[in-house]
Amino acid sequence: MTKITMREAISQALWEEMEKDPSVFILGEEVGVWGGTYAVTKGFYDHFGADRVKDTPIAESVIVGAAIGAALTGVRPVAELMTINFAFSAMDHIVNQAAKLHYMFGGQFVLPLVIRVVSGGGRQLGATHSQTPDVVFAHFPGLKVVTPGTPEDAKGLLKTAIRSNDPVLFIEHATMYQVRGDVPEGDYTIPIGISKVQRTGKDVTIISYSKGLELSLLAADELAKDGIEAEVLDLRTLRPLDMEPVISSFKKTNRAVVIEEGWKSFGVGAEICARIYEEAFDYVDAPIKRVAQKEVPLPYNKNLEQSALPQVADIVAAVKEVL
Amino acid sequence: MADIVTMPKLGFDMKEGTLVRWVRHEGENVVKGDIVAEIETDKATVEVESGFGGVLRKILVEPGTVVPINAPIALIGSDDEDISIWMAENATSEIPTGHIESEKQIIAEKTGDSKKGASFPISSGVPARIRISPLARLLATERGIPLDKLEGSGPGGRIVRKDLDSNLATPVRQQASRIEEDLKVQPSKLRQIIRRRMVEAKQTIPHFYVTRFFDVKRLLDLRMQMNAALPESDKISINDLVVKATALSLREFPNLNSSLQGEFIVQFADVNIGVAVAVEGGLMTVVCRHADEKSIRTISNEIKQMVSRARSGKVRSEDIEGSTFSISNLGMYEVYEFIAIINPPETAILSLGSAFEEAIVENGTVKPGWRMRATISVDHRVSDGEEAARFMRSLAKYLEQPVRLLID
């Protein structure tokens, strides 16, 4: 195991897969000469050349549309969108084409496509560049939505996504590129669609993913000081959603809090709560709480922005409410 | 136009109800949801809520009247409303007293009492809504702890798991405090109904009894195998297996799956097994319909749900109606054997004892084994000892070679 950052983990996954498979290529805004807005593809252009690291016009529909076309011919494009907020410009390509082509053509085509996007607030980028609309994309059958919360998972899941013949939306969090974590040596993959217990406990189940995982683990540390043993569950993938570990954990703790950075209404928390109530009603000992972003466009002002985003203290408070 | 309160339909096979008592009187103000009357169906005594608010202008039926479902029983309107038009229009159609040729009606007429079906209170005696988490409710049901004996420590007084855990150390049932002086206890409504029905059954039905033991080693093994493959919530009980075995045997013995109705013995097409359930202050019989056609797991889950509803005071009328044969089981209390009183208008009831590990003599050698005893109580007007003994032999076929339960 070596400790590396999330940025390095994602970068390594891309690099190793491009070395391994010449049909893998990258396209996106400033991914080449500049090395990527978040410096994930720094050095790629010099090593792999302009044919495999393609700078595109500032037009997300072009990036995703071209990537879909390429994937249909059998190559493995990894498209980078500077932020998930810009994915809305490519919405038709993502949800009407990428998510459905395999189905619409009766299985004659596969779509080995990865779209990397940067999601989340907290960097004072204003209301239109700071959203966390992950759940919007998880709504559509046909699309896999992968949302890692640790460097190990990011690297293993991205490799699986690149090797997969299905379209995958790979969501990276804007404030997590510097997060460090242990990553196994050498080539490894992590299957898409498997939730994971990231910390064991017996008193309450905290369910989250991506940035929410980071906050949840910090909250669990806080709670431990009060003798509360929180189990922290990482969904890792929003679609397909693996509820089995969540239900098992809930049957043990009988209490849960769901954390997401996006808005609460119609969100991940709503989905998780509903499934727990459907599948484990007789194990419910207290109403499940949701911690999420305040229902406002995210403010630019630093203090206001932070007060609108879910915080560790909010999670601690929610856990104490359900206990 | 005044609003009309009608006789409610409280069970899928309810055709009529007897108006027992008016709780509210003419001229009184009534709020929507108020209890206005008590009715008795052939299975239960139930309170009738008003669906309307206003003044109870006119009571249309006297207490003691049998009223078909949906027939008007009262008028509710404003103080000064003229109800004479409605009264005039409906004067010719006398408030019906019920001529319904249902199976139950025939039974009632022939036995000379239309009110003595298996009556159980549904809404009366049920406490106000108890705040309790689903988990705590499940645990309380499993442990047989009455909910009204629990104190909730959760938000708003909600009973949660913790409250059950503290209760576990001292089960409520054993907490009955010592009585210092003689006490006159007013029996619950359920107790009164049981009293009436059991006196009727024991005095009018000539019972006879046949007891037999069953070698249940294989049955216990099968249950263990089944439960190893089932989640905690779906565990199968010995009782579930006996329900299935009894239902399958009854297919061969329609005469025991019957009801004496005057001059006729009605042999039922359906095999609906009633299972006696101890509830606070008495017992109820929940009904597993078509038990001969259902899988053991389905039988088990259905009974669990009905028992849970019965014990939490939420029993539905369909849960307790329509049994054709009953089973009473005291196996969980290390009971050797016992004999039950028939649950009228049925013909027979099976009483189950516990399974014991015993020394068994076989071909002159003693070996350890598992035996369970059961007694069938039968109405001698309908059947004889020989038939009952053959029924018990058929039951043995299923209980001793339980793989048959999975085939049939």
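Laboratory data are not the source of any read-out in this text; all were calculated from the coordinates shown. Since we're looking at a predicted model, the values are computed, not measured. Glycine gets a Cβ as well: all are built from the backbone with ideal geometry, and neighbour counts include every protein chain shown.
Okay, here's what the table says:
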read-out	value
Pairs of Cα atoms farther than 39 Å apart, chain A, %	11 percent
Interchain or long-range residues, amide H under 5 Å from A:E172's placed H	A:V117, A:V118, A:S119
Rel. contact order, % - alpha carbon contacts under 8 angstrom, at least six apart, chain A	16 percent
Packing rank of B:254-264, B:358-368, B:78-88, A:139-149, where each peptide gets the mean count of other beta carbons within 10 Å, highest leading	A:139-149, B:254-264, B:78-88, B:358-368
Whole-Hz couplings from phi, Karplus 6.51/-1.76/1.60, listed for the range A:271-278; x for Gly and Pro	5, 5, 4, 4, 5, 5, 5, 6
Lys, Arg +1 and Asp, Glu -1 on Cβ, resulting dipole of the protein assembly as shown about Cα centre, debye, nearest 20	1280 debye
Rounded to the nearest 20 debye, dipole of chain A from Cβ charges on Lys, Arg, Asp, Glu	140 debye
Ranked packing of A:12-23, B:288-299, most packed first, by mean Cβ within 10 Å	B:288-299, A:12-23
Radius 14 Å from Cβ of B:R373, net charge of other residues (Lys, Arg +1; Asp, Glu -1)	-4
Residues with amide H under 5 Å from that of B:T65, placed H, sequence gap 5 or more	B:L19
Cross-link partners of B:K294 among aspartates and glutamates (Cα-Cα below 17 Å; sequence separation of 8 or more within a chain)	B:D234, B:D240, B:E252, B:D270, B:E302, B:D319, B:D408
Sites B:E358 and B:N301, calculated FRET efficiency, Cβ-Cβ separation with R0 30 Å, nearest 0.05	0.40
Computed E for B:Y333/B:N90 - FRET, C-beta separation, R0 45 angstrom, nearest 0.05	0.20
Alpha-carbon gyration tensor eigenvalues x 5, square-rooted, for the range A:70-167, Å	24, 16, 11
Whole-Hz couplings from phi, Karplus 6.51/-1.76/1.60, listed for the range B:249-255; x for Gly and Pro	5, 5, 4, 7, 10, x, 5
Cut-off 20 Å, label 7 Å out along Cα→Cβ of A:T128, residues of the range A:274-310 by amide N	A:296-302, A:305
For the range B:47-60, Karplus couplings with θ = phi - 60° (6.51, -1.76, 1.60), whole Hz, Gly/Pro x	8, 9, 8, 7, x, 9, x, x, 9, 6, 7, 8, 8, 9
Taking the range A:208-260 and dividing mean pair separation by its residue count, relative contact order in percent (alpha carbons under 8 Å, at least six apart)	47 percent
Rounded to 5, percent antiparallel among DSSP beta bridges of chain B	85 percent
Neighbourhood net charge (13 Å Cβ-Cβ; Lys/Arg +1, Asp/Glu -1) for A:L27	-2
Net charge over other residues, Cβ less than 14 angstrom from the Cβ of B:G53 (K, R count +1; D, E count -1)	-3
Rounded to 5, percent antiparallel among DSSP beta bridges of the protein assembly as shown	60 percent
Shielding score for A:273-283, defined as the mean number of other chain Cβ atoms within 10 Å	2
Linear extension gain, A:E19 paired with A:Q178, 0.36 nm per residue minus alpha-carbon span	54.8 nm
Cβ-derived FRET efficiency at R0 41 Å, A:T189 paired with B:K397, nearest 0.05	0.15
Partner chain coverage, peptide A:285-295 - average Cβ within 10 angstrom	2
Virtual paramagnetic centre 7 Å along Cα→Cβ of A:E321, amide N under 11 Å, in the range A:173-213	none
Residue among B:I303, B:I238, B:I349 with the largest mean-square fluctuation in a Gaussian network model of chain B, springs linking Cα atoms under 10 Å	B:I238
Residue among B:A228, B:P368, B:F264 farthest towards the positive dipole end of the range B:205-407, charges placed on Cβ	B:A228
Distance histogram for the protein assembly as shown (every C-alpha pair counted, 10 angstrom bins, percent rounded to whole numbers)	3, 12, 16, 15, 14, 14, 13, 9, 4, 1, 0
Rounded to the nearest 20 debye, dipole of chain B from Cβ charges on Lys, Arg, Asp, Glu	1540 debye
Entries of A:K3/A:K42; B:K9/B:K32; A:K42/A:K100 with Cα pairs more than 23 Å apart	A:K42/A:K100
Viscosity 1.567 mPa s, temperature 4 °C, Stokes-Einstein D of the range A:196-322 from Kirkwood C-alpha radius, µm²/s	90 µm²/s
Square roots of five times the Cα gyration tensor eigenvalues for the range A:2-183, Å	22, 19, 16
Spin-label pair A:W34/B:L230, simplified geometry with 7 Å Cα→Cβ offset, distance in nm	6.3 nm
Cut-off under 5 Å, modelled amide H: who pairs with A:L233 long-range	A:Q198, A:I206, A:I207, A:S208
Extreme residue, positive dipole direction of chain B, given options B:I320, B:F338, B:A348 (C-beta unit charges)	B:F338
Semi-axis lengths (Å, descending) of the ellipsoid that matches the C-alpha gyration tensor of the range A:1-52	18, 14, 8
Kirkwood hydrodynamic radius over Cα pairs of chain B, then Stokes diffusion coefficient at 20 °C and 1.002 mPa s, in µm²/s	90 µm²/s
Degrees, to the nearest 10: A:151-163 long Cα axis against longest axis of chain A	40 degrees
Relative contact order (percent, whole number), chain B, Cα cutoff 8 Å, 6+ residue spacing	15 percent
Average beta-carbon neighbours from other chains, 10 Å sphere, peptide B:225-233	1
Cβ-based charge dipole, the protein assembly as shown, positive-most Cα from B:Y398, A:P240, B:Q203	B:Y398
Rounded tilt (10° steps) of B:189-204 against the dominant C-alpha axis of chain B	60 degrees
